[in-house]
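See structure below.
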Amino acid sequence: MFAGLEGWAEWLGWLAGLSVLTFAGSLIIIPLVAARIPADYFSAPRRGQTEWRRRHPILRLYVLILKNLLGLVLFLAGVLMIFLPGQGLLTIFLGIMLMDFPGKYRLEKYIISRGPVLRAINWIRYRAGVAVLEVGEQGRGQ
């Protein structure tokens with residue numbers, strides 16, 4: 001029965017290691033990022049300007065690249081966590097929040113308005129002693 005798995009033993013070992021790493025990483029990173037989201041982030045109809053817009057252009061570019069790379073890594077790890085152990089949907093959502101692309105705020109509001117995602121993030125925030133997220137009514141219908 002397991003005779004066909006002999007050639008896959010190394011790959012299965014790497015996948016098991018990756019699974020443990022992504023699961024442990026998600027348990028550490030997700031609560032930290034979820035607690036840092038401002039409580040009123042989703043209550044406005046449009047996203048406001050960030051204070052990073054006033055920083056030096058080279059510093060801003062450097063931070064933007066690092067933030068987008070971290071967001072992409074979290075997004076891809078979340079996709080893997082759908083099939084491997086871990087908090088896949090939350091990790092995908094937090095990866096999207098870190099990246100910058102057109103229409104991102106509308107996509108974020110749509111995802112956060114889904115019951116299970118909002119409940120999970122608010123539970124994490126409650127456990128961290130941070131105010132729950134306020135989602136405006138326009139975010140629920142989009």
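Please treat every number below as a calculation from the coordinates, not as lab data. Quick caveat: nothing in here was measured; it's all calculated off a predicted structure. Counting neighbours? That spans all protein chains shown, and the Cβs are built from the backbone with ideal geometry, glycine included.
Which percent of Cα-Cα pairs in the stretch 9-141 sits in each 5 Å bin, short to long? Spelled out per bin, shortest first, that is 2, 10, 17, 21, 19, 15, 9, 4, 2, 1, 0.
Remark: 26, 43, 113 ranked as 43, 113, 26, counting other beta-carbon atoms within 10 Å and listing the fewest first.
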